[in-house]
Amino acid sequence: MTMQKAVALAHLRVAYEPDDDDEDVVALPALPASPPQLLPVPSAWWETSAVSSRVLTAEPEEARASRMFVRDLLTRWGLADLIDDAELIIGELVVNAVRHGLRAVPSIAAVSPTAPPPMRLCLLRRSGEVMLAVTDPSAEPPTPRTPDSARESGRGLQIVGALSYIWGWSPIEGHGKAVWAVLKYSA
């Protein structure tokens, strides 16, 4: 399935709300769960000056603050066309990091003061692409699930996969992982 088809199906699925009275409802096929790509990078890469980042907390308003950080940075970079997709991607990655990534740490207070923050939002701009990433302390790879129509969750990584050029994860030795997505733009 092409990326354009996946995005079109995702938009259809969001816009499509069948009436309970309608017996002629046509079921839309489920989007395939795109597997994440494993990209081993040196752990120190996320700490370089080329990466713009901010520390994340487990507070409920963190996803909103992260979207604003991304919006402001992309606006400064002259990449306003990427804002909508980037905000959706970052919102999903932050929620997943809080929901799943923090389970690996028994207590945030137990983390060494010299260790990197347990969660960070990172952006890297290269010629023709922007990499959006969220780091968390869990070493477990992200696992896309097939959405269940009865559940409200399980679609986040499918959204990330549908909106990004490519997405995946990178282990960070001794500090968990980074889940990332790449958006392309015309340079």
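The values are calculated or read from the model by the stated rules, or taken from the named source; none is laboratory data. In this text, all values refer to a predicted model and were calculated from it rather than measured experimentally. Methodologically, a virtual Cβ is constructed for each residue, glycine included, from the backbone with ideal geometry; neighbour enumeration extends over all protein chains shown.
Worth pointing out:
- For beta carbons closer than 7 Å, sequence separation of 6+ or different chains, a first residue in the stretch 74-88 that is closer than 17 Å to residue 133 by Cα and a second that is assigned to a helix (DSSP H, G or I) and among the basic types (Lys, Arg), the qualifying pairs are 83/71; 87/67; 87/71.
- All positions within the stretch 177-187 that are surrounded by 14 or more Cβ atoms within 10 Å (Cβ to Cβ) and either modelled with pLDDT under 90 or among the charged types (D, E, K, R) (or both): 177
- Filter result for residue 53 (within 22 Å of residue 157 (Cβ to Cβ), modelled with pLDDT of 85 or more and in a strand (DSSP E or B)): yes
- Filter result (assigned to a loop (DSSP other than H, G, I, E, B), modelled with pLDDT of 85 or more and of a type in the set (Gly, Ala, Ser)) within the stretch 138-168: 138, 139, 164
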